[in-house]
1. Report yes if some residue within region C:98-114 is away from ligand 2 (no atom under 16 Å from the Cβ), touching a strand residue (DSSP E or B) at 6+ places or on another chain (Cβ under 8 Å) and part of a loop (DSSP other than H, G, I, E, B); otherwise report no.
2. Identify all residues within region A:40-63 that are of a type in the set (A, V, I, L, M) and within 13 Å of the chain's Cα centre (by Cα); write none if there are none.
3. How about region C:34-64: which of its residues are farther than 15 Å from B:ALA193 by Cα, touching a helix residue (DSSP H, G or I) at 6+ places or on another chain (Cβ under 9 Å) and more than 13 Å from ligand 2 (Cβ to nearest atom)?
4. Let me confirm something: among C:GLY19, C:GLY83, which residue is more than 27 Å from C:ILE186 (Cα to Cα) and away from ligand 2 (no atom under 16 Å from the Cβ)?
5. So which of A:ALA5, A:ALA52 is of a type outside the set (Lys, Arg), part of a helix (DSSP H, G or I), touching a helix residue (DSSP H, G or I) at 6+ places or on another chain (Cβ under 9 Å) and surrounded by fewer than 24 Cβ atoms within 10 Å (Cβ to Cβ)?
6. Please state which of the following conditions C:GLU69 fails to meet, knowing it meets all the rest: (1) of a type in the set (Asp, Glu); (2) over 23 Å from C:GLU197 (Cα atoms); (3) within 11 Å of chain B (Cβ to nearest Cβ).
7. Which is more than 19 Å from C:GLU197 (Cβ to Cβ) and touching a Pro at 6+ places or on another chain (Cβ under 7 Å), of C:GLY55, C:GLY12?
8. Can you pull out every residue in region B:176-229 that is within 14 Å of chain C (Cβ to nearest Cβ) and hydroxyl-bearing (Ser, Thr, Tyr)?
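The values are calculated or read from the model by the stated rules, or taken from the named source; none is laboratory data. Given the structure is predicted, the values throughout are model-derived calculations rather than measurements. We place every Cβ from the backbone using ideal geometry, glycine too, and count neighbours over all the protein chains shown.
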Amino acid sequence: MPDMAIIVPSVLNGLTTGALYALVALGLTLIYGVLHIINFAHGALLMLGLYAVYYLNVQFGIDPYVALLIVPPGMFALGYALQRGIIGRASHGRDENILLVTLGLAIVIENLSLFLFKSDTRIVDVPYGFQVVEIFGAFLPLPKVVAFAGALITAALLWLIMSKTDLGRAIRALAKERKGAQLVGIDVEHVFAMSFGLGIACLGVAACLLLPSYYVNPQVGHGFVLIAFTIVVLGGMGSFVGALLGGLIIGVVEALGGLFFGESLGQLGIFLIFILVLVFRPTGLLGHKV
Amino acid sequence: MRQLALLGLVFAALFTLPFFVESESWRTTIIMTLYAALLGQAWNILGGYGGQFSFGHAAFFGTGAYTVAVLQVQLGLNPWLGLVAGGALAVGVAAFIGFTTFRYGLRGSYFALVTLAFAEVLRILSNTVPFTGAGVGILIPLDPGAANLQFASKAGFYWLLWAITLGAFLTAWWIGHSRFGARLMAVRDNEDAARALGVDPFRVKMRAIMLSGLFSGLAGVFYAQFFLYLDPGIAYGPAVSVESLLVPIVGGMGTLFGPLLGAVALHAVSEVTREVIGDLPGISLVIYGTILVIMVLFAPRGLSGLVSRLTRSARRKTEGDRHA
Amino acid sequence: MHDASPILDVAGISKRFGGLQASNNISMRVPQGGITSLIGPNGAGKTTLFALITGFHTPDAGSVRFRGEDITGLAPQEIAERGMIRTFQIVQPFAGQSVRENIAVGAHLKIRSRAAALEKAEDVARKVGLGDRLDMDAAALTVAGRKRLEVARALATDPELILFDEVLAGLNPSEIRDVIPVIRAIRDEGVTILLIEHVMQAVMSLSEHTWVLNQGQLIAEGAPQDVTRDPHVIEAYLGKGMAERMAKQAADAVGGAHE
Ligand SMILES: Nc1ncnc2c1ncn2[C@@H]1O[C@H](COP(=O)(O)OP(=O)(O)O)[C@@H](O)[C@H]1O
Ligand SMILES: [Mg+2]
């Protein structure tokens, strides 16, 4: 039985990872909540974001945190274009078709990256990469602490956008009722694409915050896809608070599971949670039963 | 009955292929094409005729493959028995996944994601437990001879595969011409209406996923015997699941010949690209992904949908001419 | 009217959707043979009652007996197997399948053989006037065609009792004139019919007995001619003011005649 001296850092570590998971899941849940589609390319797009941050750093010496000014807007534009150009046209009345098209996009993005960037795993070399901060007697890598704070700030920003801006109001109106929104003159396709863009911009932020303490390779998105889906279903599809809590919970479960059972069985726990929640409580822990 | 005759004709022709194709590399190509048709038809039984899109057919495939491999390597069991056991265990996994999902009415995208999660669970397990060889993988000793379900000539493997594939296609034909199939397609097209007419969707879907799992599992058995090596990524990774669904989507879901058409089309495309741009990592998958996007966007009913649309509009045109 | 053993016996059924009491303690009996109708204004809860009877919703309270057997809480397909079939107000064709294939799904309830089921489908299609559209995609049918298809699929199951949910709604007068004999013919074959209908003329000419539902409650029953003169029923359909005015008009007319 490991003692508290190991458990506390492990929980804190899990929380910092969980905050990033939450950020990835926030984008997914935003897209689900508004467009009612499941974006299977989410992990692949995160990977693309990570490569953007990586190349900005090695080619132009731009710090990953400075890249926050560049990558999220770029990802937003990419998301907007994808939704308007491809995903928005794919459904033909069946939501499985969206899943298929986003799966196709994921395959293309991943293998194109494999072709362009090769399969090597890369990391960025930043001066603060190995600095640590002491919290509750545990030493945590500085980038993870920054990522934790950054993820919470981004969640707050997203909440502000959703509740205080015209765009946010339009998005919420559309999420609730499509016909009504159309009637009051909301440009549905545009707002859908804006929502998708926002969801993908979250990935851009996550990429900037993640890379200093993580790595990138063409498969890096895989690990995130099902985890993000798990968080989203755990928190209730479309629920922001749910995604945040779900992210933190999953981060901790993974860290503790890894501590007690080894890393791969920790992951197993996540998939089992995913299956159990979807089967027994598809509205999520916080959602209402239909 | 005309369709059955056509099916007989096609498979008779397929049977004779090795007599005309003698180059080993071409034989490998036709084997891999027929193998894709088998994977595709297995998926088609559940996804095409039943409308339940699985993203995790690797769960069945990998179970069949690992069963035959583990039974041979760890217990010294004859692979012919392994073939039976592999098919049976794949059916068991299918029944388990079907029961947990269909019992609770999971549909659409949720069903897809849960099947994927099941495949991932199995992948992690096979990566952890010792008897599968864990991450290192498992090697089946080379020992050619029909008694060992291994063949000195590629033609032998081809005919083994041919027999399994014939079984899958006959099953699909039967689905198109039986009460079970009528009920399966009714559930696919409108579950409530089907229930109102006395169809039990749970039972129908269970039968479909078990049949589908059987043929995916047998494809796995074939794969293991043909390549003599497995690891968790090969057996339970997403590549097999994707190939399984891509083939019928390209060829035409819920049609008898769709998976064959799709397999031929996809392999033709990847052969051509290999000729033109060479064997670069990931390129064939880039093309597969692009094809998937294009098919869903512009031809959701696949190649056979395109063909029937073309013939129909041609017919309408001639009828119009007649009226004029 | 009070048959010793009704084919369908609904006792004290209730169903609530959130704040809305869609069915409130409804009890009704449908005698064997003949056509019984269920009328009521939009949103009265007629379709909900059908769904409760046929297992698509589970009632909060009450029970349903069909041919003497308690079927409360059974699944729709189990109820269909026992010989009670419903149709849908919002038609539910198996889109992409032909008319023949659609009807054959119903025929397969009792028939295992594919060939025999397809043959039966053709017979039934002819009966309901779809004989000329057997190979057409069900999704390509007109509204009237789809309504006929709903009827045909139900009929093909060889049911004891059919619940028709507004099979005439959305049809023009000449189409209605065509379908009414079809419904009569089904009754004449010995199938009991319970129908929800908006088209009053149809209710009058088809059914011997009618039940009136309003805001989830039964408010009247009887012969259609009597029921439609019931002030409660008129009020439910037309609103309170209208009912009073009509009563006053009637009284004035009577008074005028005396002068
Ligand atoms: N599944 C449901 N959930 C919530 N409300 C429902 C549901 N089905 C019907 N209702 C409501 O119940 C009421 C009765 O509906 P319905 O039975 O369709 O009426 P009718 O068929 O008499 O027009 C309506 O107000 C309708 O909105
Ligand atoms: Mg109604």
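1. The answer is no; no qualifying residue exists.
2. Within region A:40-63, A:ALA41, A:ALA44, A:LEU45, A:LEU46, A:MET47, A:LEU48, A:LEU50 qualify.
3. C:GLY34, C:ILE35, C:SER37, C:ILE53, C:THR58, C:PRO59, C:GLY62, C:VAL64
4. C:GLY19
5. Going through A:ALA5, A:ALA52 in turn, the sole match is A:ALA52.
6. Of everything listed in (1) of a type in the set (Asp, Glu); (2) over 23 Å from C:GLU197 (Cα atoms); (3) within 11 Å of chain B (Cβ to nearest Cβ), C:GLU69 misses just condition (3).
7. After ruling out the rest, the residue left standing is C:GLY55.
8. Within region B:176-229, just B:SER178 meets the criteria.
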